[in-house]
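Undergrad: Here's a structure for you.
The values are calculated or read from the model by the stated rules, or taken from the named source; none is laboratory data. Computed from a predicted structure; not experimentally measured. Here the Cβ is made from the backbone with ideal geometry for all residues, glycine too, and neighbour counts use every protein chain on show. The accessibility values were calculated without ligands, DNA or RNA, using every heavy atom of the protein model including side chains. Shrake-Rupley method; radii C 1.70, N 1.55, O 1.52, S 1.80 Å.
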Amino acid sequence: MRVYNFAAGPSTLPLNVLEEAKKEFLDFGGTGMSVTEISHRDKAYMAVVSEAENLVRELLKVPEDYCVIFVQGGASTQFAAVPLNLMHNGVADYIVTGNFAKKAWQEGKLYGTANKIGDSSDRTYTYIPNVHKLSYTEGADYVHITSNNTIFGSRYSEFPDCKAPLVADMSSEIFSRETDVSKFGVIYAGAQKNLAPAGVTIVIAKRSLIGEPLNICPTMLRWKVQDENGSLYNTPPAFSIYMANLVLRNLKANGGVKEIQRINEYKAGLLYDFIDNSPLYKNNVLPEFRSIMNVPFVTGNEELDAKFVAEAKKAGLVSLKGHRLVGGMRASIYNAMPVEGVKALIEFMKKFELENKTTV
Ligand SMILES: *Cc1c(COP(=O)(O)O)cnc(C)c1O
C-alpha cells in the first residue's frame, strides 16, 4: 500500500510518474534496454537531457543568456562550486537563515572572505532578516541566500535587491512558486526534494558570470565546462535526469509553475490555518516567512510528539519526525504531495488532538 510520505528529501514523487517509469523500465523508448543501461551518448538518451533542459527553461521562463545544467554531488557540492566559479575578488556575502545556509557560508570561507551579513539564528531561524537593511559589501563577487529553509520551515518573501549577483540555493522549493530568474545570477537545487530521485543537481547560471572560474576550480565543478558539453562532459546521473524529465513533463501537463503554486499555497494554507487555530499544535515561524514546502510544528511535549509520529505512521502518514535540530514534527508538502494527503494529515491531527487533550 502507498502511504502519504512527508519526508523532507528524498521525498514523494508523483504517482503517475513512478508508474510511467515502471512501465518502461525494461524497455526505454523501444530501445530494448532500460534507461539505466543505455549509453549516455545514445541519441535516445541525449534527447532526454535536452528535453529536460528545455522544460526547465520553459517552466521557469529562463532567459536565453542563462545556462541550465545537470550536475552531480548534491547541493552541498555547489556550496564549493559557487565560490570556485565566482569569487574573483575573493569576497562574498552570505545571509545565514538556516542550517544549509550556514553550511554554504562555512564552505565559502574555505575560498575567500565570506561575510555573514545577515543571521537569524538568534530566534532559531524562524524569520528572514530584512533584506533592505543589510550591509552588503561593496565589490562583493556575489550574495548567497537559501531561498527556502528546509529544516526550519521559513522562506524569503522578498529577495535582496543587491548590486552583486544574487546566488540562491533553491533545493527545497524550485518549481514550487513563480520565480523571476533574471533577478538571480545563479540558482541551484538538489533534485531530491521537489524534482527527482537523489543524484542530480540543477544549476541555472547567467553565462556572463561563469566564463572564468578560479584556477583551482576542479574541471567537474566548472559550470562553463558543463554548459559547453550540454551536461554530458562525463557520465551524467542518467536515471535521475530521466526521472526529472518525467516530473517536468507532468508539471507542464498540469498547468506549470503558476498552477502548482496555487495548489501549494492552498495546501499550506489548510495546514497553517489548522495549526494556528489548534490548542495543541504550534508553528513558530513568523507568518510572513512561512514556507509552503516544509511545515514544522510541535505540541510542546516531547513525549507527545514521539507518540504523534508513531501513531501517524500507523495511519499511513510517514516521515513526519522533525529534524533533530528542531524536534517535534515536520510535514514536507512538496509539489508531489496531493491535496488529499494534506487533508488526511489534518484529519489525523484533529483526532490526535481530541484523544490527547488532557496530556498537555
Ligand atoms: C537538502 C538540502 C541541501 C543538501 O542537499 P544535498 O543534495 O544532500 O547536498 C542543501 N540545501 C538545501 C536548501 C536543502 O534542502
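Undergrad: Please determine, by comparing only the residues of region 222-246 that are in contact with a helix residue (DSSP H, G or I) (Cβ under 6 Å, 6 or more places away or on another chain) and crowded, with 18+ Cβ neighbours inside 10 Å, which one is nearest to CYS67 (Cα to Cα).
TA: Looking at residues that are in contact with a helix residue (DSSP H, G or I) (Cβ under 6 Å, 6 or more places away or on another chain) and crowded, with 18+ Cβ neighbours inside 10 Å, I get TRP223.
Undergrad: Still on this structure: Select, from SER76, SER172, SER147, SER121, the only residue that is closer than 30 Å to ASN234 by Cα, modelled with pLDDT of 95 or more and surrounded by fewer than 17 Cβ atoms within 10 Å (Cβ to Cβ). Lay out the reasoning, then the answer.
TA: Details: SER172 fails: surrounded by fewer than 17 Cβ atoms within 10 Å (Cβ to Cβ); SER147 fails: surrounded by fewer than 17 Cβ atoms within 10 Å (Cβ to Cβ); SER121 fails: closer than 30 Å to ASN234 by Cα.
Result of the check over SER76, SER172, SER147, SER121: SER76.
Undergrad: I need a count of the residues in region 35-73 that are surrounded by fewer than 17 Cβ atoms within 10 Å (Cβ to Cβ) and hydroxyl-bearing (Ser, Thr, Tyr).
TA: The total comes to 3.
Undergrad: Next question, about the same structure. Take the residues of region 188-221 that are open to solvent by 40 Å² or more (accessible area, probe 1.4 Å) and either within 11 Å of the ligand (Cβ to nearest atom) or under 13 Å from the mean Cα position of the chain (by Cα) (or both): which is nearest to ASN264 (Cα to Cα)?
TA: Per the criteria, the residue is GLN192.
Undergrad: Take the residues in region 79-110 that are open to solvent by 20 Å² or more (accessible area, probe 1.4 Å) and within 13 Å of the ligand (Cβ to nearest atom), then tell me which one is nearest to ALA253 (Cα to Cα). Walk me through it before giving the result.
TA: First, pick out the residues of region 79-110 that are open to solvent by 20 Å² or more (accessible area, probe 1.4 Å): 88-91, 99-100, 102-103, 105-107, 109-110.
Checking which are within 13 Å of the ligand (Cβ to nearest atom) leaves us with 99-100, 102-103, 105-107.
Numbers: ASN99: 35, PHE100: 32, LYS102: 37, LYS103: 36, TRP105: 38, GLN106: 40, GLU107: 39 Å.
The selected residue is PHE100.
Undergrad: Can I ask one more? Output the residues belonging to region 1-19 that are open to solvent by 40 Å² or more (accessible area, probe 1.4 Å), farther than 16 Å from VAL342 by Cβ and away from the ligand (no atom under 11 Å from the Cβ).
TA: Within region 1-19, MET1, ASN16, LEU18, GLU19 qualify.
Undergrad: Name every residue in region 308-353 that is closer than 21 Å to PRO10 by Cα and of a type in the set (D, E, K, R), in order of residue number.
TA: Selection gives LYS313, LYS314, LYS321, ARG324, ARG330, GLU340.
Undergrad: While we're looking at this one, here's another question. Quick check, is ARG249 over 20 Å from SER172 (Cβ atoms), in contact (Cβ under 8 Å) with a residue 12 or more places away in the chain and in contact with a helix residue (DSSP H, G or I) (Cβ under 8 Å, 6 or more places away or on another chain)?
TA: Working: over 20 Å from SER172 (Cβ atoms): yes; in contact (Cβ under 8 Å) with a residue 12 or more places away in the chain: yes; in contact with a helix residue (DSSP H, G or I) (Cβ under 8 Å, 6 or more places away or on another chain): yes.
Here the answer is yes, as ARG249 does meet what is asked.
Undergrad: Among the residues of region 1-60, how many are under 30 Å from ILE346 (Cβ atoms), of a type in the set (Val, Ile, Thr) and in a helix (DSSP H, G or I)?
TA: Number of matching residues: 1.
Undergrad: If I filter region 150-169 down to residues being under 19 Å from the mean Cα position of the chain (by Cα) and open to solvent by 40 Å² or more (accessible area, probe 1.4 Å), which single residue comes out as nearest to the ligand (Cβ to nearest atom)?
TA: Residue satisfying both the conditions and the ranking: PHE159.
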